[in-house]
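**Q** Mind looking over this structure? Questions follow.
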2 protein chains.
Amino acid sequence: VKIALDAMGGDRAPAETVRGAVLAAQELDLEIALVGPGGVIEAELKKHATDRRISIVAAGDTIAMEEDRIVQAVRQRRDASINVATQMVRSGEAQAVVSAGNTGAVMASALFTLGRIPGNERPAIGTLLPYNAGRVFLIDAGANLDCRASQLVQFAEMGSVFMEKVVGIASPRVGLLNVGEEASKGNELIQEAYERLRESNLNFVGNVEGVNVHKGIAEVVVTDGFTGNIALKVGEGIADYILETVTGVIKSSPLFIGAAILLKPALKRALKRLQYEEYGGANLLGVNGIVVIAHGRSDALAVKNALRVAKRAAESGLLESIRTAFAAKSEPSPAAGL
Amino acid sequence: VKIALDAMGGDRAPAETVRGAVLAAQELDLEIALVGPGGVIEAELKKHATDRRISIVAAGDTIAMEEDRIVQAVRQRRDASINVATQMVRSGEAQAVVSAGNTGAVMASALFTLGRIPGNERPAIGTLLPYNAGRVFLIDAGANLDCRASQLVQFAEMGSVFMEKVVGIASPRVGLLNVGEEASKGNELIQEAYERLRESNLNFVGNVEGVNVHKGIAEVVVTDGFTGNIALKVGEGIADYILETVTGVIKSSPLFIGAAILLKPALKRALKRLQYEEYGGANLLGVNGIVVIAHGRSDALAVKNALRVAKRAAESGLLESIRTAFAAKSEPSPAAGL
């Protein structure tokens, strides 16, 4: 498998993206094309041991993390690293693209270059959350801020295929993120989605409350992108907050520091699964190609893990299964802008 | 100040509600009317030392936590404890009502019996979150699952008055819960609310991302009730999850247990602020009376703290200030059903 890595994407690019590629090439069985300005990438690459599985693909332009009018930028600047990377997937030179760049730019580039899978209304971002009770795939994590119920059903379908093909869970349980468990709960969108999911062929297990997401009641948790993004970010914030509070307590006394030194390695192991560095990237599903979006703050470890996620997805037959799932529907897809 | 406590509300009523009332009467300077079936309440009350500040007000009926057709139940069963309690506020016998019962029932009873403050479109639930960086008032935490932008502006107004009158923060900063900081971010509802808040007289500081809520960038965080409820519950779930994980690690080795024993009291102090038992109840704002909704799982400590919240609100002039804020608007309020 060959993966096109947007070497210029992310707050810590290109140093950490290149280092992540070097780590991935050593540990995982894959080829990586570093996409970006040749000179810059080469200079970074020289800091590491030579690896024949890593190549450089030149891209003259870069889209910054905090750029205005991102969609126009992606449309016009065809030589931007993210565009060159998605183009490699389109042409078959690479089997997946990974970027820690601006999420909107990655989505726009994927849509323009790869297009949607026939029958897909809107691509969505799915994030695999590794809880103790099992892995949970939250979809949509932020691609679509205003959704229709039919789109939520498609997110559920894509999430189910992902958990089945990539994670290996047969007939994954699908839950709808909601404010209560009863069928009558929720806003208008969620109530309509509930009815449609109940009538679908999916293994729909009903509503999942925010407080229960981590309990693994459902392997696929469906939500609109606005709520999904808020849920993910609030969870991230609360986790940071608790760890800060605990650290503050520990630092408040030498006695506590002694106790903490004993605990630290085990705590670190237990909690690291909560961190994005470990679980790698989110999957943009519904486009004609494997696209993995890594966290903007990704370090080399996070980049490596995003490359692993992309490799697994590329080898799993995920795309073909999503195509088959949508092809089975007779309903023609409405044209969707960005 | 006299507070009507729905003695039958909550999973652990009446034992814990009565015990909470006894604690509150001892520690706080207030009178409490325990509302519920006389015999049952009296039997509970006998387990504690006599306190002249606690009285019993008979109510022949009770609305269960998991009742169907809750709004109809509240409308028809006038002798239900929550209805008798809100009636006491309406008649001026009590200055506030506290209930750990079904949130929908408390809202319905408050709306039917107390009505809305003139000019208020929809009452909303505000929850005070006590973070290290300062207290944050999240509104709406679940009362209104489908909102209009004008309602979000009213939530911001009520939240500002609350933080000013009850918490004592002059000109509180108001933020809008959103998926990014830039003004252009968000779904349609949030984008429109952004514009209206920007044009308002409030101290609007822009969008607040989920990951930053606990940082105290804004003292009032405004959101629709669906998103607000999901955000609160996800935060609660992640906090539980981390504490479980940490406990699991500690229990995995006798060495760790030793270390943990040293740390435990300080950690407990630091983290207890995150728990609903400590921060008491949420405020239903926009109705003609002080209404505090405690967590359904409330124990005596949580009930006591909810009574404290109600007392503070009743003594603060909160209601009068919200009335003044809405009276200043010329716009007539549309009739709003439940």
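**Q** Has segment B:157-180 got any residue that is surrounded by fewer than 22 Cβ atoms within 10 Å (Cβ to Cβ) and within 10 Å of chain A (Cβ to nearest Cβ)?
**A** Looking through segment B:157-180, at least one residue is surrounded by fewer than 22 Cβ atoms within 10 Å (Cβ to Cβ) and within 10 Å of chain A (Cβ to nearest Cβ).
**Q** Here is a further query. Return the only residue of A:LEU243, A:LEU255 being more than 7 Å from chain B (Cβ to nearest Cβ) and either closer than 21 Å to B:ILE190 by Cβ or not small (Gly, Ala, Ser) (or both).
**A** The conditions single out A:LEU243.
**Q** Also: Are there any pairs, at least 6 apart or on different chains, whose C-beta atoms fall under 6 Å, with the first in segment A:213-237 and more than 7 Å from every other protein chain (Cβ to nearest Cβ) and the second open to solvent by 10 Å² or more (accessible area, probe 1.4 Å) and basic (Lys, Arg), and if so, which?
**A** A:ALA218/A:ARG173; A:GLU219/A:ARG173
**Q** Are any of the residues in segment B:194-210 facing chain A (nearest Cβ under 9 Å), within 28 Å of A:GLY134 (Cα to Cα) and either in contact with a helix residue (DSSP H, G or I) (Cβ under 7 Å, 6 or more places away or on another chain) or of a type in the set (Ser, Thr, Tyr) (or both)?
**A** Yes, there is a match, as at least one residue in segment B:194-210 is facing chain A (nearest Cβ under 9 Å), within 28 Å of A:GLY134 (Cα to Cα) and either in contact with a helix residue (DSSP H, G or I) (Cβ under 7 Å, 6 or more places away or on another chain) or of a type in the set (Ser, Thr, Tyr) (or both).
**Q** Still on this structure: Test of understanding: among B:ALA143, B:ALA156, which residue is in a helix (DSSP H, G or I) and at negative phi?
**A** None of the others qualify; the one that does is B:ALA156.
**Q** Within segment A:99-126, track down each residue that is crowded, with 23+ Cβ neighbours inside 10 Å and either in a strand (DSSP E or B) or free of Cβ contacts under 8 Å to residues at least 12 places away in the same chain (or both).
**A** Result: A:SER99, A:ALA124, A:ILE125, A:GLY126.
**Q** Could you please find all residues in segment B:211-245 being among the small types (Gly, Ala, Ser) and in contact with a Leu (Cβ under 9 Å, 6 or more places away or on another chain)?
**A** Of everything in segment B:211-245, those that are among the small types (Gly, Ala, Ser) and in contact with a Leu (Cβ under 9 Å, 6 or more places away or on another chain) turn out to be B:ALA218, B:GLY225, B:GLY228, B:ALA231, B:GLY235, B:ALA239.
**Q** Which of the residues that make up segment A:159-180 are among the hydroxyl-bearing types (Ser, Thr, Tyr) and in a loop (DSSP other than H, G, I, E, B)?
**A** A:SER171
Condition check ((1) open to solvent by less than 10 Å² (accessible area, probe 1.4 Å); (2) part of a loop (DSSP other than H, G, I, E, B); (3) touching a residue at least 24 places away in the same chain (Cβ under 8 Å)) across all residues:
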{"position": "A:ARG12", "(1), (2), (3)": "no, yes, yes"}
{"position": "A:ALA21", "(1), (2), (3)": "yes, no, yes"}
{"position": "A:VAL35", "(1), (2), (3)": "yes, no, yes"}
{"position": "A:VAL57", "(1), (2), (3)": "no, no, yes"}
{"position": "A:GLU66", "(1), (2), (3)": "no, yes, yes"}
{"position": "A:ARG78", "(1), (2), (3)": "no, yes, no"}
{"position": "A:ILE82", "(1), (2), (3)": "yes, no, yes"}
{"position": "A:THR86", "(1), (2), (3)": "yes, no, yes"}
{"position": "A:VAL97", "(1), (2), (3)": "yes, no, yes"}
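**Q** Given the conditions (1) in contact with an Asp or Glu (Cβ under 8 Å, 6 or more places away or on another chain); (2) at pLDDT below 95; (3) surrounded by fewer than 17 Cβ atoms within 10 Å (Cβ to Cβ), and given that B:GLN72 satisfies all but one, which numbered condition is not satisfied?
**A** Checking B:GLN72 against (1) in contact with an Asp or Glu (Cβ under 8 Å, 6 or more places away or on another chain); (2) at pLDDT below 95; (3) surrounded by fewer than 17 Cβ atoms within 10 Å (Cβ to Cβ), the one that fails is (1).
**Q** Next question, about the same structure. Restricting to segment A:181-219, give me the number of residues that are closer than 23 Å to B:HIS295 by Cβ, assigned to a loop (DSSP other than H, G, I, E, B) and open to solvent by less than 20 Å² (accessible area, probe 1.4 Å).
**A** Residues meeting the conditions: 2.
The values are calculated or read from the model by the stated rules, or taken from the named source; none is laboratory data. Keep in mind that what you see is a predicted model, and the values were worked out from it rather than measured. Positions of Cβ are backbone-derived with ideal geometry, glycine not excepted, and every protein chain shown enters the neighbour counts. Accessible surface areas use protein heavy atoms only, side chains included; no ligands, DNA or RNA. Shrake-Rupley method; radii C 1.70, N 1.55, O 1.52, S 1.80 Å.
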